[in-house]
Amino acid sequence: MSVAVTSQDAMLQASGVSIRFGGLKALTDFNLTVRQGDLLGLIGPNGAGKSTAFNVLTGVYQPTEGEVRVAGQKVNGWVPHQINHLGLARTFQNIRLFRALTALDNVKVACRAQGALHPVKLGQVAKVGTALRNYRDWWRALLLTPGFQREEHELTRQAEHLLEVMGLSHRRDEEAKNLPYGEQRRLEIARALGTRPKVLLLDEPAAGMNTREKADLMVLIRRLRDEFSLGVLVIEHDMKLVMGICETITVLDHGETIARGAPAEVRSDRKVIEAYLGDSYLESHGGAA
Amino acid sequence: MATPGATTLPDDMAGPIPPALRGLLPVLLALPVLALAEWTLGASPFATYLLSVVGVNIILAVSLNIVNGMTGQFSIGHAGFMAVGAYIAGVTSLSLKEVALSFLPVAASDQVLFVVALLAGGVCAALCGFLVGLPSLRLRGDYLAIVTLGFGEIIRVFVQNTEAFGRALGLSGIPQYSSVAMVYFWVFLVVLVARRIAGSSHGRSLWAIREDEVAAEAMGVDTTGYKVRAFVISSFFAGIAGGLFAHFVPIINPGSFTFVKSMEIVVMVVLGGLGSTTGAIVAAIFLTLLPEGLRSVFGYLGAEGSLAQKVDQIRMPVYGVLLVVLMLARPQGLFGTKELWDVLPRWLPRKKKGLS
Amino acid sequence: MSQLLQHLINGLASGTIYALVALGYTMVYGVLKLINFAHGDVMMVGVYMGYATAFALGREAQRSLWGVVIIFAVAMGGCALLGFLIERFAYRPLREKPRLTALITAIGISFALSYGFQLDIGFLPGASPRAFPEVIVPTEWFIIGDRDVVVWNWQVISFLIAVTLMVTLQFLVYRTRFGKAMRAVSWDHRTAALMGIPTDRIIALTFMLSSALAAGAGLLYAIKDTSVSPLMGLYVGLKAFVAAVIGGIGNVPGAVVGALLLGLVEEFVVGYAASTWRDAVAFGFLILVLLVKPGGLFGRVAAEKV
């Protein structure tokens with residue numbers, strides 16, 4: 001899996017992905033490419049299939065057709081943690097922090113999970129050796145070997161750094177559930193960064209934020225992309241935010257991609273206006289069409 | 001910054017205790033204490049028996065807490081793994097009865113064989129834990145409850161149909177190798193393991209699974225793998241507890257490891273607080289001594305002799321009602337996920353706040 | 001050959017009884033996503049109610065058609081009430097709590113009932129099994145050859161009762177307003193509540209219905225076994241649950257097929273291998289199914305909504 005990847009290669013690529021739940025086509029022929037440094041948006045009315053797309057990309061759902069590649073590796077049939085190890089991290093629309101853990105531990109979970117363990121594929125009983133190596137790892141924790149203590153220390157340091165980047169240092173030892181809403185969203189991003197991703201998927205990061213916080217978030221997302229050399233894909237309802245930061249926007253409706261392009265193009269696309277933005281948008285923005 | 005593989009340690013890790021020693025220090029401290037305990041208590045058979053039962057229950061509760069508390073799964077078949085450990089260790093000891101290690105004094109040789117038998121039981125129980133855990137832990141939590149329960153039944157039926165395990169009559173004549181010191185050495189070990197797991201990155205992954213499995217998986221935690229490993233470790237100690245048990249009771253039979261026993265352990269863990277190791281210990285001690293206490297109180301009062309006998313009978317439905325009441329009134333149990341030192345009065349020395 | 005036929009008949013007879021209990025698990029799981037561990041024990045309580053009624057009626061009356069109807073009515077009605085009380089006071093307060101709390105509560109209720117009934121204090125019956133009265137006097141209705149294949153009247157009657165109850169249930173779930181509401185609650189109880197469906201009432205009714213079915217099944221089982229004991233709920237309940245999982249929990253026809261399959265497998269193990277292994281079969285079968293087809297034969301493993 002250690003394919004040399006240049007910055008021009010696609011870090012995340014979906015080609016012809018469709019997914020059906022029973023008779024319902026939730027996503028049809030979905031194509032998307034995320035490269036390092038990209039800042040892409042995914043929009044569409046409620047129920048258009050945005051979250052479904054995220055779930056297919058991250059391995060929560062399996063595509064009925066088509067393929068998903070992460071860092072060049074085809075990941076159809078993989079489980080989410082394996083895909084995460086390839087460099088794809090996400091946040092959740094309805095915040096899913098480890099509520100009873102401290103902010104620091106939330107991030108440390110993610111830092112640790114990356115790399116150190118040896119994934120065992122289910123059903124491959126032959127890989128007893130790999131499985132046993134995982135147990136050896138536990139023994140190191142039980143015996144508190146110096147190497148293990150050093151590793152723990154290193155994890156703490158990394159996690160503290162990420163908290164600092166997200167402006168959460170003062171919340172280090174606070175339980176996640178006690179954080180205010182906006183900080184919980186930022187902690188989720190810190191946690192996602194802990195897995196050292198190449199591509200970051202943000203699911204409605206601005207939901208519930210006020211105008212001021214949204215403005216800060218726009219700056220932050222750009223900064224993260226540059227500082228961590230990420231490709232970023234954002235699902236967002238807030239048009240101002242998406243139009244403001246995304247270079248390319250993909251519009252979904254009823255599971256189908258109805259438009260793709262720069263914010264200006266998308267904004268004036270007839271299909272998009274019909275399907276999504278509607279009259280109210282035309283009124284408030286002086287009628288782009 | 002410490003680079004991987006560097007031999008120097010960061011400054012703040014230096015302390016009065018060299019890091020290399022920190023891992024083993026508790027063991028070195030515990031051994032003389034145990035020796036002292038054995039020396040003072042060895043005289044009274046009743047105290048020895050009662051302490052051993054308490055110890056075995058602590059091992060069971062603390063090990064079950066790793067799965068039910070820390071990982072948020074729900075196993076209700078711990079007695080099944082205990083049975084595996086008890087029978088395997090018992091049979092091992094029986095077949096090695098005549099063997100003596102010539103280079104050791106008899107007592108020492110017996111203890112070595114005892115440990116071998118215990119480990120055999122523990123490893124077999126761990127193996128069973130793996131076989132049972134793998135299919136059910138891939139699925140949602142409730143399946144584990146059913147499958148572990150079923151596993152207990154399979155073990156019972158298997159034992160009842162196997163000549164080598166004495167069928168329904170059970171195994172008797174297992175050498176009584178056990179001692180208070182040995183039981184409490186394992187108590188100490190399981191507590192150490194539970195606490196060290198809880199405080200390590202593995203423990204954090206387990207907590208994460210307990211809090212939100214979907215999120216943990218998305219953050220790269222191999223949830224199935226962690227769950228299975230937690231389950232295997234938990235089963236191992238249940239097997240050890242069974243092995244110890246088999247070596248201080250006169251007879252083991254399938255009746256010692258029924259659903260009732262499993263439920264007793266579950267009640268201990270839930271009462272102590274899912275996720276609290278010290279809570280499990282306190283609850284295990286309390287729930288083991290309570291019936292004994294009630295029995296002797298009733299016995300002392302004399303008049304109600306039949307009531308003393310009913311203590312055992314009444315215990316079971318009371319456990320059930322206790323679970324329901326706990327869930328409605330205080331679902332986090334006595335301590336929640338906290339440890340004893342977190343809930344102690346303020347003037348006592350406290351550890352840092354937080355889960356680990 | 002005739003032996004095979006006999007086993008088939010016996011297997012189907014016990015399978016239909018399992019099916020009735022399994023349906024209760026599946027329905028409750030459908031609306032609450034809760035494994036109602038106490039289901040089997042509610043069934044056991046129902047059987048004791050029927051037992052008490054039969055005694056109150058006396059030897060003659062209990063064998064008349066009306067006697068049997070009264071016994072079933074009392075047991076099923078009493079269980080419906082019990083199911084209602086359990087749901088109202090134990091499960092409803094926990095509905096928005098983590099799923100584990102409800103599961104532990106269910107296990108607690110199961111334990112309290114099955115071991116509470118083993119006490120011999122007051123009206124409680126005590127641990128030892130009791131002979132269940134022959135409310136349906138056993139008669140051989142259909143014999144092939146020299147008693148090669150025997151079909152008993154109670155087998156046919158219980159089969160008919162079970163099938164009638166199942167058809168009624170099918171009608172109720174798919175053809176009535178209540179059924180529609182129940183399926184809506186099962187899909188998403190919050191949205192259902194927003195749509196004006198009285199969620200609490202639907203869930204309570206589902207509990208009552210499943211408890212009543214269990215009581216009926218329990219009586220049939222007791223008639224077949226001619227005994228009743230406090231632990232029968234635990235065993236029959238567990239096997240029925242296994243049947244529901246094998247069929248794919250939450251899936252109504254799946255529960256029936258799973259139960260018939262389990263009844264047959266058990267019967268064949270008893271007939272061709274050793275009867276002492278009977279109780280282990282169900283769980284061995286369960287672990288096998290979970291390994292090969294984790295969602296059950298007809299179910300899908302539903303991914304949690306993210």
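Every number here is computed from the coordinates shown, using simple stated rules; none is lab data. Quick caveat: nothing in here was measured; it's all calculated off a predicted structure. All Cβ positions, even for glycine, are placed from backbone atoms using ideal geometry, and neighbour counts span all protein chains on display.
When chain B is treated as a GNM with alpha-carbon contacts under 10 Å, the residue of B:V106, B:V132, B:V221 showing the greatest mean-square fluctuation is B:V106.
Taking every Cα-Cα distance in the stretch C:19-240 and sorting them into 5 Å bins starting at zero, the pair-distance distribution P(r) comes out as 1, 7, 14, 18, 18, 15, 11, 8, 5, 2, 1, 0, 0 percent.
Taken over chain B, the alpha-carbon convex hull comes to 189 cubic angstrom per residue. Residues C:Y235, B:Y184, ranked from the fewest to the most other C-beta atoms within 10 Å, line up as C:Y235, B:Y184.
A protection proxy built from the mean count of other Cβ atoms within 10 Å ranks the segments C:7-14, C:159-166, most packed first, as C:7-14, C:159-166. Among the residues of C:33-40, the average count of other protein chain beta-carbon atoms within 10 Å of the residue beta-carbon is 2.
Each pair of Cα atoms in the stretch C:89-168 enters the Kirkwood radius, and Stokes-Einstein at 25 °C and 0.890 mPa s then converts it into a translational diffusion coefficient of 142 µm²/s.
Peptides A:185-194, B:150-159 ranked from most to least packed by the mean count of surrounding Cβ atoms within 10 Å: A:185-194, B:150-159.
Distance from the Cα centroid of the stretch C:35-64 to that of the stretch C:236-265 is 23 Å (rounded to whole angstrom). Ranked for footprinting exposure by Cβ neighbours inside 10 Å, fewest first, A:H254, A:H85, B:H78, B:H247 give A:H254, A:H85, B:H247, B:H78.
Between A:E174 and residues 5 or more places away or on another chain, which pairs have amide H atoms under 5 Å apart, with H built 1.01 Å from N, and which residues are they? Excluding prolines and chain starts, which carry no amide H, the hits are A:A103, A:L104. Counted over the protein assembly as shown, the DSSP beta bridges are approximately 65% antiparallel.
Determine the distance separating the Cα centre of the stretch C:134-207 from the Cα centre of the stretch B:152-170; give it in Å without decimals. If you average the Cα positions of each part, the centres end up 37 Å apart.
Result for chain B in a Gaussian network model with C-alpha springs under 10 Å: among B:T337, B:T40, B:T92, the largest mean-square fluctuation is at B:T40. Mean residue ellipticity at 222 nm, helices only, chain B: -22500 deg cm²/dmol; runs of at least 4 DSSP H residues each add -39,500 (n - 2.57), and the sum is divided by the number of residues. Projecting the Cα atoms of B:V187, B:G80, B:V282 onto the dipole axis of chain B, where Lys and Arg carry +1 and Asp and Glu carry -1 at the beta carbon, places B:V282 farthest toward the positive end. Legend: helices of chain B (whole DSSP H runs) are marked when their alpha-carbon atoms reach 27 angstrom or more along the helix axis and their mean Kyte-Doolittle hydropathy is at least -0.5; marked are B:45-65, B:106-137, B:141-160, B:180-199, B:223-246, B:277-301, B:305-329.
Using the Cβ-Cβ distance between C:W141 and B:V112 with R0 set to 51 Å, the FRET efficiency works out to roughly 0.15. GNM remark for chain B: springs join alpha carbons under 10 Å apart, and the peak mean-square fluctuation among B:L244, B:L119, B:L25 falls on B:L25. Any idea how far apart A:E265 and C:F84 come out in nm if each label point goes 7 Å out from Cα toward Cβ? Between A:E265 and C:F84, the label points sit 6.5 nm apart. Axis angle, to the nearest 10 degrees, between helix C:39-61 and the longest C-alpha principal axis of chain C: 40 degrees. Once the gyration tensor of the Cα atoms in the stretch A:142-257 is diagonalised, the equivalent ellipsoid follows with semi-axes of 31, 17, 13 Å, ordered largest first. The eigenvalues of the Cα gyration tensor, multiplied by 5 and square-rooted, give the protein assembly as shown an equivalent ellipsoid with semi-axes of 49, 41, 25 Å from largest to smallest.
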